[in-house]
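Structure record follows, encoded as C-alpha cells.
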Amino acid sequence: METDDGVRPKILITGGSGTLGYNILKRLANDERYHVVAPVRNINSDAVRTLSGKVQFIEHDLSDAIHTAQIFERVSPAVIVHCAASGLRPPRGSWFDLMQFNVVSTMRLFQMNCRLDHPSHFIYLSTGLVYREQGRPLTEEDPIETLHPYGSSKAASDLMLQAASAEFKRELTILRPFAFTGLHDGGKRLFPLILEAAAEGRRLGLTVGTQIRDFCSVNDIAAAVIQVIEREQKPLIEKFNLGSGLSLPLRSVIENVCEELELKVDLAFGENRMHPYEPHYSVANTARAKAKLGWKPRTNLAYAVWELAQEIAPSLKVKRPKRDYGKL
C-alpha cells in the first residue's frame, strides 16, 4: 500500500489499550512503511508507555463527536482499524451504555470515514458472538442473531456497516475473531484470571466447562489484521472468521494449557453459571480466511498463555511450551 506522493500512508487504530489493539500496534510499531496513529482514552496507559515514539498516540474519547471529527480531518487516514469496544473488560457500563459506545461510536467513525476526500479502507473487528448458534463451526454466511449483550451490540454495527459501505461505496472488511488470549490480555477474562489465581495460590470458580470453544492466540488474530491491511485487491465488502477451528470443550482447552505449562492451580469447574445468552457451541470455520488471505493460526495457545504469564505474573513458575501451533 503506497501513496502517489511517496508519503507514508496513515493507519488509524482505535482500541490500542485493549488486548487486540495493543498487539496490532506492537506489530506495526517498527514498520516504517506506515504512519500509525492511535487515539486512546488513557494517554498514561502501559500500552502507550511501551510503544511511545513508534506510534502517534492522541488522547481521545470516541464518544466525543466533535473531537473525533477533528482527528479525522487532521489525520486523514488511508486505513481505519476499529478495535475499540466496550463490554469485555472492566469497567463495564450499563446495557445501554454498551450499546451507545459499540454502535453509535462505530457508526460515527464510519461517517467520518465517508467524509474523507480519498478512498479509504475501514476494517471492523467484530466477534464470533454475533452468530445464531448452529451446533457446528460457523461460516461467514450463517445468520447474525444473538441476545448476548456484547454480541448483539457488535452484530448491530456489523450489519449497519455493511449497509453503509454499500450505500457510500467505501471498502469494508469485517473480521470476526472467536475467543483469543495472549500478551496484554487482562481484566476479568479467562486466562488472566487463571494465572492470577495460580500466582496467589487461591481457588478459582469456573463454569462446568462443557461449552464448545475455539481459542486462538491474539498474535495470530493481529497477523490477520496486518494481512488485510496489506492486501492489494479487495472487494467492496468482505467478511472473515478468525479462530483455531478446533472444537473442544472449554474444560479440555483449559486443562491442556495447564498441562503444557505445568501450571498448578485449583480450578473449581461447575462452581459458576454460564451467562444465560452465551452460546454452547462457538467455533469458527476459517476456510475463507485461509483461501483468500492465506491466513492460518500459527501460535500454540499454551505459548500465548505463557507469554501472558511472563507479562502479568513473572514470578509464577511455568514451563515454556512449544511455540508452533498444533492440536492442544
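On C-alpha positions alone, give me the angle between the axis of helix 149-168 and the longest principal axis of the chain, in degrees, nearest 10.
The helix 149-168 is inclined about 30 degrees to the chain.
When Lys and Arg each count +1 and Asp and Glu each count -1, what net charge do the other residues less than 10 Å away from GLN211, Cβ to Cβ, add up to?
+1
On a C-alpha basis, how far is the centre of the stretch 194-261 from the centre of the stretch 40-81 in Å? Whole number, if you could?
So the separation of the two Cα centres works out to 27 Å.
Packing-wise, with mean Cβ within 10 Å as the measure, how do 152-158, 222-228 rank, highest first?
So the peptides 152-158, 222-228, ranked by packing, come out 152-158, 222-228.
Using packing as a proxy for protection, rank 95-104, 142-151 so that the peptide with the highest average count of other Cβ atoms within 10 Å comes first.
Those peptides, ordered most packed to least, come out 142-151, 95-104.
Skipping prolines and chain starts, which residues have an amide H placed within reach, meaning under 5 Å, of the one on LEU138, given they are 5 or more residues away or on another chain?
Placed amide hydrogens put VAL283, ALA284, ASN285 under 5 Å from LEU138.
Comparing ASN285, ASN23, ASN272, which has the greatest mean-square fluctuation in the GNM of the chain with Cα pairs linked when under 10 Å apart?
In the Gaussian network model the winner is ASN272.
Can you return the lysines within cross-link range of LYS10? Criterion is Cα-Cα under 30 Å, with same-chain partners fewer than 8 residues away left out.
Straight-distance partners of LYS10: LYS26, LYS54, LYS154, LYS169, LYS234, LYS239, LYS290, LYS292, LYS296.
Once phi is turned into θ = phi - 60°, what whole-Hz ³J(HN,Hα) does the Karplus curve with 6.51, -1.76 and 1.60 give for every residue of the stretch 219-236, x standing for Gly and Pro?
Running phi through 6.51 cos²θ - 1.76 cosθ + 1.60 with θ = phi - 60° gives 4, 6, 5, 4, 4, 5, 4, 4, 4, 5, 4, 8, 5, 7, 9, 9, x, 4 Hz.
Show the residues, 5+ positions off or on another chain, whose built amide H is closer than 5 Å to the amide H of VAL40.
ILE58, GLU59, HIS60
Quick one: Karplus J couplings for the stretch 280-294, per residue in order, coefficients 6.51, -1.76, 1.60, θ = phi - 60°, nearest Hz, x for Gly and Pro?
For the stretch 280-294, the Karplus curve yields 7, 10, 9, 9, 8, 8, 9, 4, 5, 4, 5, 6, 9, 9, x Hz.
Using per-residue counts of other Cβ atoms within 10 Å, averaged over each peptide, order 198-205, 291-298 from highest down.
Highest mean packing first, the order is 291-298, 198-205.
Under 5 Å between amide hydrogens, which residues at least 5 positions from ASN300 or on another chain qualify, with H placed 1.01 Å from N in the peptide plane?
ASP324, TYR325, GLY326
Is it possible to state the helix-based mean residue ellipticity at 222 nm for the chain, with each DSSP H run of 4+ residues giving -39500 (n - 2.57), the sum divided by total residues, to the nearest 500 deg cm²/dmol? What is it?
The helix-only estimate for the chain comes to -10500 deg cm²/dmol at 222 nm.
Under a 10 Å cutoff between Cα atoms, tell me which one of ASP220, ASP117, ASP185 has the largest fluctuation in the Gaussian network model of the chain.
ASP117
Roughly how many nanometres apart are two label points built 7 Å out from the Cα toward the Cβ at THR210 and ALA166?
Spacing of the two 7 Å Cα→Cβ label points: 4.0 nm.
What are the ³J(HN,Hα) values, in whole Hz, obtained from phi via the Karplus relation 6.51 cos²θ - 1.76 cosθ + 1.60 with θ = phi - 60°, for each residue of the stretch 80-87 in sequence order, with x given for Gly and Pro?
10, 10, 9, 9, 4, 7, 10, x
Rule-based calculations on the coordinates, nothing more; no lab input. Predicted model only: the values in this text are computed from it and were never measured. A quick note on method: Cβ atoms are made from the backbone with ideal geometry, for glycine too, and the neighbour counts reach across all protein chains shown.
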